[in-house]
Amino acid sequence: MSQTPTVVLHGFTGSATAMAPLTSRLPEPVLALDLPGHGSGPISDDPADYTMAATVAGVVSATAHLDRFSLVGYSMGGRVALSLALALPERVATLALIGARAGIDDSAERAERIAADEALADRIESEGIEWFADYWAARPLFATQRTRLSADQQAELRTQRLACDPRGLAHSLRGMGAGAVEPIGCRLSELSMPCTFIAGSDDTKFAAIAQQMASAMPQATVCFIPGAGHATHLEAPDATAAAVIQCVST
């Protein structure tokens, strides 16, 4: 029996190439995609191209040749994966979500996040990609990377961020930020395919979110990766790949 293809979606500031620490450890066939504003594709200045609907439509188009596939999403890519699974549940065999959430339900928190992302998008455009690369690497969410990734790995991560188009990142924040997208937590019970929520044991915020989301789904489990933070596929790629492989083999 042939292996079900695995489609992999990156997070904010990432790309298909940036997911190589994970994709290189998964059984073929694997299809890693670039989301709007990221990777080597053209950068549109139309805000409509950065909505969740447009992003999901792009993934649907890129996977049109696949009858069914397993879907893996990291952070922002996890939000896309959830929305795609809700839109086309008959095509998504399994879900594996790394450091993901289903949007922000609280209206005040959501408004605060939208305002923060709008302000950051403005600064990216005005101050440039080098400023942003330093700012993003210094965020508390990625503190574990500063101690657990080697100097070479951190340098590679910075190189990847410097290769991003600041316009694309700004547009992505405004259209696809955690506050900008419609929260879909209330619909998780509709997803009946096997799902694994993966979170680093040191990423306490997203570990709690993973447990909460998994409890709302009929066939969901949680896998905590020891000694890892938000980006488990970078800090613990072997353990993360093992969790994904177990999910896609379900």
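Observations
- Here the Karplus relation 6.51 cos²θ - 1.76 cosθ + 1.60, evaluated at θ = phi - 60°, turns the backbone of the range 152-169 into coupling constants of 5, 5, 5, 5, 5, 5, 5, 4, 4, 5, 5, 7, 5, 7, x, 5, x, 5 Hz, with x for every Gly and Pro.
- With contributions of -39500 (n - 2.57) from each DSSP H run of at least four residues, the per-residue ellipticity at 222 nm computed over the chain stands at -13000 deg cm²/dmol.
- Panel values: the chain, Kirkwood radius from alpha carbon pairs, Stokes-Einstein at 10 °C and 1.306 mPa s, translational diffusion coefficient 88 µm²/s.
- Rounded to the nearest Hz, the phi-derived 3J(HN,Hα) couplings of the range 11-19 under the Karplus curve 6.51 cos²θ - 1.76 cosθ + 1.60 (θ = phi - 60°) are x, 4, 6, x, 5, 4, 5, 5, 8, where x marks glycine and proline.
- Exposure proxy shown here: for ARG101, ARG110, the number of other Cβ atoms within 10 Å sets the order, fewest to most, as ARG110, ARG101.
- Label-point separation in nm, ARG167 to ARG187, each point 7 Å along Cα→Cβ: 3.1 nm
- Cβ crowding within 10 Å, taken as a proxy for footprinting-reagent exposure, orders LEU120, LEU84 from fewest neighbours to most as LEU120, LEU84.
- Sorted by Cβ density within 10 Å, fewest first, the residues HIS10, HIS65: HIS65, HIS10
- For the range 36-42, Karplus couplings with θ = phi - 60° (6.51, -1.76, 1.60), whole Hz, Gly/Pro x: x, x, 10, x, 9, x, x
Any read-out appearing in this document is the output of simple, stated calculations on the displayed coordinates, not a laboratory observation. Note that the structure is predicted; figures quoted are calculated from it, not measured. Quick reminder, even Gly has a Cβ in these numbers, built from the backbone with ideal geometry, and neighbours come from all protein chains shown.
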